[in-house]
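A.B. asks: Quick one: the structure is below, and I'll ask about it shortly.
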Amino acid sequence: MATANRLTRRPLVHRLVINPFVFRLIFTSFATTRFASQTKLLGGDDWLFFNYGYEEDPPMGIPLDPEDEPHRYFIQLYHRTATQVDLAGKKVLECSCGHGGGASYLVRTQHPASYTGLDLNPAGIEFAKNRHHLANLEFVEGNAQALPFADESFDALVNVEASHLYPDVPKFLSEVKRVLKQGGHFLYTDFRPRSEVAEWESHLANSGLRQISMSVIDQNVLRGNEKNTPRKQERISQHHGSAVSRTFARYASDMTDWAFNGALRGSEYTYRVYLFTKD
């Protein structure tokens, strides 16, 4: 209660730092319903990622094709998460694949036998289908809390920075366990406010999946976000929509980053990467 009283006495702008969901939800909704429906987002059809960035110290330095280099810090979060196990020859599902940038990168570099990207947003799925044409890669519309797949269909399931928006995380985790084969892996990264970490950990502990590893990557995400800022601002400025839409997109993006980065710096939020298996 003392903490709550202290927070309510903060100026509004400071209270918003510890609640970046407001900005993120506004930005995500605006982007997916207006820009994604036109297969354009933040200045072009090459905005393929909705996740935050990731960078190490010294730099991660993974080799990238020239067309992937502009997306380096987004890709590095996918790489850090998905390469915890060898995906070569595996049947992989990604829940909440967005515009499919991560799916494309992983198919081209990790060589799974098949890769299915699932997302609830039909405009995002349409974008991904039109943008990514690779063998063994498909995109389907679907709900992560009610996966349209048979039991034990996949060797690995990838989930990058999405579950914080799910209404029922335990239901999602039960679906993860259901569709994974015995010995399959759940490759998972996301963030939570400190006040929700205990609940998050309880959900994970009760998922029926065995945790192999967990790493806190707050500083890596902060570093990646800071390095991503010039690229994001450039793409917003090149968007061909109205001046109003460009202004809104820049404001939403800047405020989202400011709020989220401030919350990480202040240890009010934490970002983690996990590896689980189904015994």
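A.B. asks: What's the number of the only condition in (1) at pLDDT 95 or above; (2) under 19 Å from residue 77 (Cβ atoms) that residue 175 fails to meet?
C.D. replies: Unmet condition: (2).
A.B. asks: Still on this structure, I have one more. Regarding the range 148-161, can at least one residue be identified that is among the hydrophobic types (A, V, I, L, M, F, W, C), assigned to a loop (DSSP other than H, G, I, E, B) and in contact (Cβ under 8 Å) with a residue 24 or more places away in the chain? First the steps, then the outcome.
C.D. replies: Filtering the range 148-161 for residues among the hydrophobic types (A, V, I, L, M, F, W, C) gives 149-150, 154, 156-158, 160.
Next, only the ones that are assigned to a loop (DSSP other than H, G, I, E, B) stay: 149-150.
Still in the running and in contact (Cβ under 8 Å) with a residue 24 or more places away in the chain: 149-150.
Yes, there is a match, as at least one residue in the range 148-161 is among the hydrophobic types (A, V, I, L, M, F, W, C), assigned to a loop (DSSP other than H, G, I, E, B) and in contact (Cβ under 8 Å) with a residue 24 or more places away in the chain.
A.B. asks: Which condition from (1) among the aliphatic types (A, V, I, L, M); (2) modelled with pLDDT under 95; (3) within 19 Å of residue 164 (Cα to Cα) is the one that residue 243 breaks?
C.D. replies: With respect to (1) among the aliphatic types (A, V, I, L, M); (2) modelled with pLDDT under 95; (3) within 19 Å of residue 164 (Cα to Cα), residue 243 is out only on (3).
A.B. asks: Looking at (1) closer than 17 Å to residue 71 by Cβ; (2) crowded, with 16+ Cβ neighbours inside 10 Å; (3) modelled with pLDDT under 65, which is the one condition that is false for residue 228?
C.D. replies: Here residue 228 meets the rest and fails (3).
A.B. asks: A further question follows. Anything in the range 246-279 that is more than 30 Å from residue 156 (Cα to Cα), β-branched (Val, Ile, Thr) and either at pLDDT 90 or above or open to solvent by 10 Å² or more (accessible area, probe 1.4 Å) (or both)? List them, or say none.
C.D. replies: Answer for the range 246-279, where residues must be more than 30 Å from residue 156 (Cα to Cα), β-branched (Val, Ile, Thr) and either at pLDDT 90 or above or open to solvent by 10 Å² or more (accessible area, probe 1.4 Å) (or both): just 247.
A.B. asks: Hey, could you check the range 99-143 for residues that are in a loop (DSSP other than H, G, I, E, B) and touching a residue at least 60 places away in the same chain (Cβ under 8 Å) and say which is most open to solvent (accessible area, probe 1.4 Å)? I'd like the intermediate steps shown before the answer.
C.D. replies: Within the range 99-143, the first condition is being in a loop (DSSP other than H, G, I, E, B), and the residues that meet it are 99-100, 111-113, 120-121, 132-136, 142.
From what is left, the residues that are touching a residue at least 60 places away in the same chain (Cβ under 8 Å) are 99, 121.
Details: 99: 1, 121: 39 Å².
Per the criteria, the residue is 121.
Every residue, every condition in (1) under 18 Å from the mean Cα position of the chain (by Cα); (2) at pLDDT 95 or above; (3) of a type in the set (Phe, Trp, Tyr), yes or no:
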| residue | (1), (2), (3) |
| --- | --- |
| 85 | no, yes, no |
| 105 | yes, yes, yes |
| 128 | yes, yes, no |
| 150 | no, yes, no |
| 168 | yes, yes, no |
| 181 | no, yes, no |
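A.B. asks: Look at the range 164-186 and say how many of its residues are surrounded by 23 or more Cβ atoms within 10 Å (Cβ to Cβ) and touching an Asp or Glu at 6+ places or on another chain (Cβ under 9 Å).
C.D. replies: Qualifying residue count for the region: 3.
A.B. asks: Does residue 121 fit the bill of being within 26 Å of residue 65 (Cβ to Cβ) and out of contact with any strand residue (DSSP E or B) (no Cβ under 6 Å at 6 or more places or on another chain)?
C.D. replies: Here the answer is no, as residue 121 does not meet what is asked.
A.B. asks: Okay, moving on. Being farther than 14 Å from residue 112 by Cβ and assigned to a strand (DSSP E or B) is the filter here, so list the residues in the range 71-95 that pass it.
C.D. replies: Residue satisfying the conditions is 95 alone.
A.B. asks: Output the residue which, of all residues in the range 81-96 that are touching a residue at least 60 places away in the same chain (Cβ under 8 Å) and farther than 12 Å from residue 159 by Cα, is least open to solvent (accessible area, probe 1.4 Å).
C.D. replies: We begin by selecting, within the range 81-96, every residue touching a residue at least 60 places away in the same chain (Cβ under 8 Å); these are 81-82, 84-85, 87, 90-96.
Subset that is farther than 12 Å from residue 159 by Cα: 84-85, 87, 90-91.
Numbers: 84: 46, 85: 27, 87: 2, 90: 69, 91: 81 Å².
Among residues in the range 81-96 that are touching a residue at least 60 places away in the same chain (Cβ under 8 Å) and farther than 12 Å from residue 159 by Cα, the one least open to solvent (accessible area, probe 1.4 Å) is 87.
The values are calculated or read from the model by the stated rules, or taken from the named source; none is laboratory data. Keep in mind that what you see is a predicted model, and the values were worked out from it rather than measured. Every residue, glycine as well, gets a Cβ built from its backbone with ideal geometry; the counts of neighbours run over all protein chains shown. Surface areas here come from the heavy atoms of the whole protein model, side chains and all, with no ligands, DNA or RNA. Shrake-Rupley method; radii C 1.70, N 1.55, O 1.52, S 1.80 Å.
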